[in-house]
Amino acid sequence: MEDFDPVDVAEAQDDEMTAPFRPDQIIYSRADERGIVIFGNTTFREISGYRWEDLIGAPHKLIRHPDMPKGVFWLFWDRLKQGLPVVAYVKNRTKVGKHYWALALVAPCPGGYLSIRIRPQDSSRDQMAGIYSELRARETKENLKPERSAELFLEKLKEIGHSDYETFMRCTLDMEMNARASEIGKMERTRQEALDSILKLAEDSDGYVNRMSEGFRNVRAEPINMRILSNRMEDGGAAISSISQNYEVMAADMGQELAALNADDGQAFRHIRQTVAAGHFSLQAADLAAEAARELVSMRGELTAIGADTDGELAIIEQFANHSRNRANDSLKTIGAHAERLSETCRRLRRRINGLDVVKLMCRVESGRRKNADDALGGIIDRLAKFHLEIDRNLASLGRCAGGMTRNVRACR
């Protein structure tokens with residue numbers, strides 16, 4: 001008698017009720033401002049199980065699964081009405097009652113909204129299915145309004161590590177696009193590596209700026225100590241006092257220039273990280289649109305046969321792709337401008353540190369001219385020399401980071 005592996009009945013039943021949706025497929029559809037389906041690609045028709053005449057002119061919620069929380073769609077429409085794209089996991093149902101999960105990118109377009117869907121990873125889908133089930137149960141039990149349900153959903157996203165919905169969308173699209181590309185053998189790492197490098201260089205830059213800023217804060221006491229020592233000198237130490245004042249003014253100016261790089265209470269790196277994430281999101285949205293367009297071209301024959309305006313639809317998709325690329329380029333320009341600002345600041349500070357070196361040297365010469373050299377003054381001069389060396393090293397490292405960010409921005413375009 002043959003041996004058979006045990007099969008979980010619930011799992012087998014779930015498989016039977018799951019509509020086929022391959023990782024390499026793209027579902028594309030477009031609806032008007034009321035949510036009425038205007039256009040769909042062949043994949044949309046095949047997976048949904050409906051005929052063209054059933055889909056075109058029908059509300060898009062025709063395929064909505066009852067397991068979907070109302071709060072998720074409240075977030076959908078809240079963003080779309082603001083003219084913003086939205087990414088979310090959705091569970092849809094077919095004509096015969098089967099279901100399929102998708103990661104949907106929905107965005108405003110002329111006359112309504114376009115939607116591009118890909119198959120999500122099983123692990124991500126399962127996690128979201130659990131969250132949706134819990135939320136849907138609360139909606140039913142507590143008779144929650146959609147807006148309140150949306151608030152609870154956002155709270156749940158925070159629990160799993162997303163500070164807000166924007167962060168959730170960016171992280172999710174990035175994860176799913178990379179997983180999909182890896183699975184279907186279309187993994188292109190150049191841009192991803194360049195963006196990762198920008199983040200690392202921005203983080204390193206933030207560290208160099210913070211270390212130099214701390215150094216300038218710590219060195220403030222040295223000119224004061226020099227003046228205190230000069231007052232104890234027999235000849236009054238007027239030269240030392242004057243040198244210390246010059247040093248204090250120059251060091252304070254340099255410290256302020258560094259502080260300007262890290263304005264808004266040290267949020268410079270956070271801003272760069274957000275800008276990189278926004279740019280990456282837009283680039284991936286453009287990639288997804290381009291792939292949807294290619295798939296649509298391959299279906300031109302069937303769509304033309306039913307009188308669909310495939311060329312017009314391709315123009316709408318291309319318009320969205322171009323808009324996304326422009327948004328990505330704006331983000332890259334912002335990063336490039338920050339990198340150039342870092343480079344220019346490095347050049348200025350390196351020139352000014354040379355000025356501080358001259359003042360320090362004058363102090364050493366003046367100290368050497370004295371018959372009774374003060375050990376304390378010598379200690380101050382040695383500490384200044386060490387401080388200058390550290391600043392010079394950090395400036396060199398900061399300059400390399402800025403140059404690396406500029407090169408990686410170019411690689412992303």
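The values are calculated or read from the model by the stated rules, or taken from the named source; none is laboratory data. Everything numeric here is computed off the predicted structure, so don't read it as measured data. All Cβ positions, glycine included, derive from the backbone under ideal geometry; neighbour counts span all protein chains shown.
Points worth noting:
- Residue among 142, 155, 134 that is of a type outside the set (Phe, Trp, Tyr), farther than 30 Å from residue 321 by Cα and surrounded by 13 or more Cβ atoms within 10 Å (Cβ to Cβ): 134
- Count - residues of region 34-68 that are small (Gly, Ala, Ser) and either in a helix (DSSP H, G or I) or in the same structural domain as residue 293 (by TED's automatic domain parsing) (or both): 1
- The set of residues in region 356-373 that are surrounded by fewer than 15 Cβ atoms within 10 Å (Cβ to Cβ) and either at pLDDT 75 or above or assigned to a helix (DSSP H, G or I) (or both) comprises 357, 358, 361, 365, 368, 369.
- Matching entry among 308, 293, 278, 268 (being at pLDDT below 95, among the hydrophobic types (A, V, I, L, M, F, W, C) and farther than 25 Å from residue 171 by Cβ): 308
Residue by residue, here is whether (1) buried (at least 20 other Cβ atoms within 10 Å of the Cβ); (2) hydrophobic (A, V, I, L, M, F, W, C) holds:
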{"residue": "69", "(1), (2)": "yes, no"}
{"residue": "75", "(1), (2)": "yes, yes"}
{"residue": "84", "(1), (2)": "no, yes"}
{"residue": "94", "(1), (2)": "no, no"}
{"residue": "100", "(1), (2)": "yes, no"}
{"residue": "105", "(1), (2)": "yes, yes"}
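- Residue selected from region 287-342 under the condition touching a strand residue (DSSP E or B) at 6+ places or on another chain (Cβ under 9 Å) and assigned to a loop (DSSP other than H, G, I, E, B), by the criterion nearest to residue 410 (Cα to Cα): 309
- Subset tally (residues that are surrounded by 20 or more Cβ atoms within 10 Å (Cβ to Cβ) and either over 24 Å from the mean Cα position of the chain (by Cα) or closer than 25 Å to residue 34 by Cβ (or both)) for region 113-126: 5
Condition check ((1) over 33 Å from the mean Cα position of the chain (by Cα); (2) at pLDDT 95 or above; (3) basic (Lys, Arg); (4) surrounded by fewer than 16 Cβ atoms within 10 Å (Cβ to Cβ)) across all residues:
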position	(1), (2), (3), (4)
10	yes, no, no, yes
14	yes, no, no, yes
22	no, no, yes, yes
26	no, yes, no, no
31	no, yes, no, no
43	no, yes, no, no
47	no, yes, no, no
61	no, no, yes, yes
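- Considered as a group, the residues in region 144-161 that are without any contact (Cβ under 8 Å) to a residue 40 or more places away in the chain and not in a helix (DSSP H, G or I) include one that is nearest to residue 70 (Cα to Cα), and that residue is 145.
- Scope region 307-340; condition within 26 Å of residue 403 (Cα to Cα) and of a type in the set (Asp, Glu); matching residues: 330, 340
- Filter result (under 14 Å from residue 400 (Cβ atoms), free of Cβ contacts under 8 Å to residues at least 12 places away in the same chain and over 17 Å from the mean Cα position of the chain (by Cα)) within region 178-215: 207
- Failed criterion for residue 110 (all others in (1) surrounded by 14 or more Cβ atoms within 10 Å (Cβ to Cβ); (2) under 24 Å from residue 296 (Cα atoms); (3) not acidic (Asp, Glu) hold): (1)
- Filtered residue count, region 267-304, keeping only those that are farther than 22 Å from residue 333 by Cβ and polar (S, T, N, Q): 2
- Within the set 384, 349, the sole residue that is under 16 Å from residue 243 (Cβ atoms), at pLDDT below 90 and among the aliphatic types (A, V, I, L, M) turns out to be 384.
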